[in-house]
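Trainee: Dropping a structure here in structure tokens format, bear with me for questions.
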Amino acid sequence: MSETLRSTNAGREWWRSAVIYQIYPRSFADGNGDGMGDIPGIISRLDSLQELGIDAIWCSPFFTSPQNDAGYDVADYRDIDPLFGNLNDFDNLVAEAKKRDIRIIVDLVPNHSSSEHAWFQAALNAGPGSPERERYMFRDGKGENGELPPNNWGSVFGGPAWTRVDDGQWYLHLFDSTQPDFNWENKEVREEFKSILRFWLDRGAAGFRIDVAHALIKEAGLPDLAEQLTTMSGEDAERPKDRVSPHPFWGQEGVHEIIREWREVLDEYEDRAMCAEAWIMPLSRMAKWTRPDEYHQAFNFGYLETPWDKERLQAVIDDSLKEFGAVGAPSTWVLSNHDVIRHATRMAYDKIPKQGDGIGPDYEQPNIDRGLRRARAATAFMLGLPGGAYIYQGEELGLPEHTTLEGEYRQDPTFFRTQGKRVGRDGCRVPIPWEKEAPAFGFNETGQSWLPQPDIYASYSRDQQVGIEGSTLELYKKMLKLRKKYELGHGDFSWHKDSIGDHSLGYVNSGVLVLANFTGSNIPIPQGEILLSSQNDLSSGVLEHDQVVWVKL
Ligand code: NOJ
């Protein structure tokens with residue numbers, strides 16, 4: 001790639017190679033000590049993110065919300081919930097981040113609003129047949145008196161996807177009953193969201209992460225789900241899709257028209273980007289969402305779901321580079337977020353629970369050393385790849401999932417809608433530790449915490465890792481620094497041909513060899529300058545199992 005194009009990419013098309021750090025505002029840092037993280041808290045910790053070496057922050061929702069789904073139930077898209085601060089705080093965040101060369105990405109939740117949103121309240125009051133109801137998915141029920149839901153769709157969080165209101169109609173909610181789905185065939189809804197995009201872009205947002213980007217359009221007539229799909233949610237429902245009829249709400253073709261309208265809005269501004277949260281498989285389908293006039297990026301969930309396994313990793317990387325490359329988009333790489341079991345825990349298991357189900361005290365408990373060792377290796381393997389990369393808060397500390405959180409503390413609607421059968425996602429959302437000896441491990445000064453932190457978090461605290469050679473934090477810093485230095489985000493990828501044993505896999509990006517030893521005997525480290533290793537000790541000159549090394553050839 002030419003020098004000119006490279007510098008252009010660093011500017012206008014920064015997202016092609018950016019490392020984006022996900023902040024879950026409830027759990028990052030709490031400025032006012034009420035036990036709930038907030039925007040002033042984020043600002044107070046920006047220096048540590050600058051030191052880490054990230055390019056942008058994606059903040060999960062901080063908008064006005066009754067918090068029934070931790071803020072993914074938005075009551076006012078143009079304001080900040082007092083729990084997190086106010087619009088001034090947001091402006092300060094953008095300004096303070098900018099001083100540190102960090103961009104702020106906002107989380108847009110367009111599939112549904114909160115039931116407390118003014119439009120939904122108006123819809124309830126206006127009654128059947130009104131234009132107010134047209135903005136949502138209201139339908140008459142089946143059965144003699146409309147007492148049965150309009151179809152057999154289930155909520156992703158468990159239970160039915162329909163709730164009946166007093167006048168007898170039903171409304172659709174693919175998630176919690178307090179998250180009614182918008183009707184995206186409605187012109188007002190479309191105009192409103194373009195205006196919301198502009199609202200945040202005008203305030204300096206670098207772009208958007210788009211929630212449930214694949215669900216906006218529902219098949220006309222809202223047909224029943226085929227039998228085998230009824231109990232499945234999210235990406236599980238997607239998988240059998242090609243074998244049965246098209247899915248009536250995941251990945252309908254009509255969504256592309258909406259994305260293109262949004263892209264036009266973003267293109268009115270410089271340097272802005274959108275990333276789709278779309279659990280759409282296979283990657284060849286997902287990649288269509290990132291065609292030049294659609295999303296800039298999509299989360300590569302195919303990669304996230306790939307276990308620490310040589311053949312499967314090789315296949316998913318090939319597939320990603322090929323499919324996203326075919327539409328001129330960068331691939332993204334991601335291992336953790338606020339909806340999945342943290343990868344430091346996930347990788348401890350050979351078989352893990354389904355996405356969204358979580359791990360509770362009754363589940364077999366993980367071997368955290370094994371998990372962390374593999375997680376460090378997996379991240380070192382990931383961060384050498386060309387494209388955009390996502391990091392979830394706390395993974396730079398090697399933080400495990402809270403796997404013993406008792407039911408009484410659970411807040412994820414999944415837990416309640418399944419009567420505790422699926423414990424849900426709270427285990428990856430626990431406030432992160434900053435200082436071992438401080439109240440709530442430095443999350444705030446009062447010791448309060450909306451979810452209790454497990455004692456083991458003490459030893460993962462940032463202050464226990466800063467400046468400590470070999471700590472997970474220092475490993476992440478080193479990886480991000482070298483990634484920048486060698487411009488790996490823009491790099492030229494090829495598999496390392498000299499295979500060294502059947503349990504290793506390597507690739508070369510811009511002269512840097514990234515080599516993994518999966519689960520076998522030691523392998524020799526090729527000649528060159530060793531830049532880093534996912535485990536500390538390389539004095540023996542060999543790469544042990546579950547270990548990755550970066551070598552400058
Ligand atoms: C995906 C979000 O990441 C998740 O946390 C949320 O519960 C659902 N979408 C519904 O908005």
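Trainee: Given the options LYS194, LYS187, LYS218, name the one that is away from the ligand (no atom under 16 Å from the Cβ), out of contact with any helix residue (DSSP H, G or I) (no Cβ under 6 Å at 6 or more places or on another chain) and either open to solvent by 10 Å² or more (accessible area, probe 1.4 Å) or among the hydroxyl-bearing types (Ser, Thr, Tyr) (or both).
Mentor: LYS187
Trainee: Right, next: Which of the residues spanning the range 413-433 are within 12 Å of the ligand (Cβ to nearest atom) and open to solvent by 20 Å² or more (accessible area, probe 1.4 Å)?
Mentor: ARG417, ARG425, listed by residue number.
Trainee: Could you give every pair whose Cβ atoms fall below 6 Å, whose first residue belongs to the range 208-221 and is assigned by TED's automatic domain parsing to the domain that holds ARG103 and of a type in the set (Val, Ile, Thr), and whose second residue is open to solvent by 10 Å² or more (accessible area, probe 1.4 Å) and not in a strand (DSSP E or B), counting only separations of at least 6 or pairs across chains?
Mentor: ILE217/GLN252; ILE217/GLY254
Trainee: In the range 48-63, how many residues are within 16 Å of the ligand (Cβ to nearest atom) and either outside any strand (DSSP E or B) or in contact with a Gly (Cβ under 9 Å, 6 or more places away or on another chain) (or both)?
Mentor: Matching residues across the range 48-63 total 5.
Trainee: Any residue at all in the range 26-43 that is open to solvent by 10 Å² or more (accessible area, probe 1.4 Å) and either over 20 Å from GLN453 (Cβ atoms) or hydroxyl-bearing (Ser, Thr, Tyr) (or both)?
Mentor: Scanning the range 26-43, I find at least one residue that is open to solvent by 10 Å² or more (accessible area, probe 1.4 Å) and either over 20 Å from GLN453 (Cβ atoms) or hydroxyl-bearing (Ser, Thr, Tyr) (or both), so the answer is yes.
Trainee: Being among the charged types (D, E, K, R), modelled with pLDDT of 95 or more and out of contact with any Ser or Thr (no Cβ under 7 Å at 6 or more places or on another chain) narrows it down to one residue among ARG263, ARG285; which is it?
Mentor: Going through ARG263, ARG285 in turn, just one is among the charged types (D, E, K, R), modelled with pLDDT of 95 or more and out of contact with any Ser or Thr (no Cβ under 7 Å at 6 or more places or on another chain): ARG263.
Trainee: Next question. Tally up the residues in the range 289-342 that are within 16 Å of the ligand (Cβ to nearest atom), in contact with a helix residue (DSSP H, G or I) (Cβ under 7 Å, 6 or more places away or on another chain), of a type outside the set (D, E, K, R) and closer than 25 Å to ILE368 by Cβ, please.
Mentor: 7
Trainee: Sticking with this structure for a sec: Exactly one condition in (1) over 30 Å from ASP38 (Cα atoms); (2) in contact (Cβ under 8 Å) with a residue 12 or more places away in the chain; (3) out of contact with any Leu (no Cβ under 8 Å at 6 or more places or on another chain) is not met by GLN464; state its number.
Mentor: (1)
Trainee: While we're looking at this one, here's another question. State whether the residues of the range 446-458 include one that is in contact (Cβ under 8 Å) with a residue 24 or more places away in the chain, closer than 18 Å to ARG45 by Cα and crowded, with 24+ Cβ neighbours inside 10 Å.
Mentor: no
Trainee: Out of ASN125, ASN92, ASN88, ASN111, I need the residue that is more than 14 Å from the ligand (Cβ to nearest atom), out of contact with any Cys (no Cβ under 6 Å at 6 or more places or on another chain) and in contact (Cβ under 8 Å) with a residue 12 or more places away in the chain. Which one?
Mentor: ASN92
Trainee: Let me ask another. Among the residues of the range 132-145, which ones are more than 16 Å from the ligand (Cβ to nearest atom) and in contact (Cβ under 8 Å) with a residue 12 or more places away in the chain?
Mentor: GLU132, ARG133, GLU134, ARG135, PHE138, ARG139, ASP140, GLY141, ASN145
Trainee: Could you check the range 287-319 and list, in sequence order, the residues that are part of a helix (DSSP H, G or I), over 15 Å from the mean Cα position of the chain (by Cα) and either under 25 Å from ALA206 (Cα atoms) or not assigned by TED's automatic domain parsing to the domain that holds HIS247 (or both)?
Mentor: Within the range 287-319, ALA287, LYS288, TRP289, THR290 qualify.
Trainee: Only one of ALA344, ALA278 is crowded, with 21+ Cβ neighbours inside 10 Å and modelled with pLDDT under 95; which?
Mentor: ALA278
Trainee: Quick check on the range 153-184: of everything there that is within 16 Å of the ligand (Cβ to nearest atom) and of a type in the set (Asp, Glu), which residue is least open to solvent (accessible area, probe 1.4 Å)?
Mentor: Filtering the range 153-184 for residues that are within 16 Å of the ligand (Cβ to nearest atom) and of a type in the set (Asp, Glu), the one least open to solvent (accessible area, probe 1.4 Å) comes out as ASP181.
Trainee: Restricted to the range 237-258, and to residues that are open to solvent by 40 Å² or more (accessible area, probe 1.4 Å) and modelled with pLDDT under 95, which residue is nearest to the chain's Cα centre (by Cα)?
Mentor: By that ranking, first place goes to ARG239.
Trainee: Shifting gears a bit: Which is of a type in the set (D, E, K, R), surrounded by fewer than 24 Cβ atoms within 10 Å (Cβ to Cβ) and out of contact with any Asp or Glu (no Cβ under 9 Å at 6 or more places or on another chain), of GLU396, GLU406, GLU401?
Mentor: When all the criteria are applied, what remains is GLU406.
Trainee: Can you go through ILE391, ILE359, ILE368, ILE432 and tell me which one is under 15 Å from the mean Cα position of the chain (by Cα) and at pLDDT 95 or above?
Mentor: On inspection, the qualifying residue turns out to be ILE391.
The values are calculated or read from the model by the stated rules, or taken from the named source; none is laboratory data. The structure presented is a predicted model; accordingly, all values stated were derived computationally and were not measured. Cβ: placed from backbone, ideal geometry, glycine included. Neighbour counts: every protein chain shown. These area figures cover heavy atoms from the full protein model, side chains too; ligands, DNA and RNA do not enter into them. Shrake-Rupley method; radii C 1.70, N 1.55, O 1.52, S 1.80 Å.
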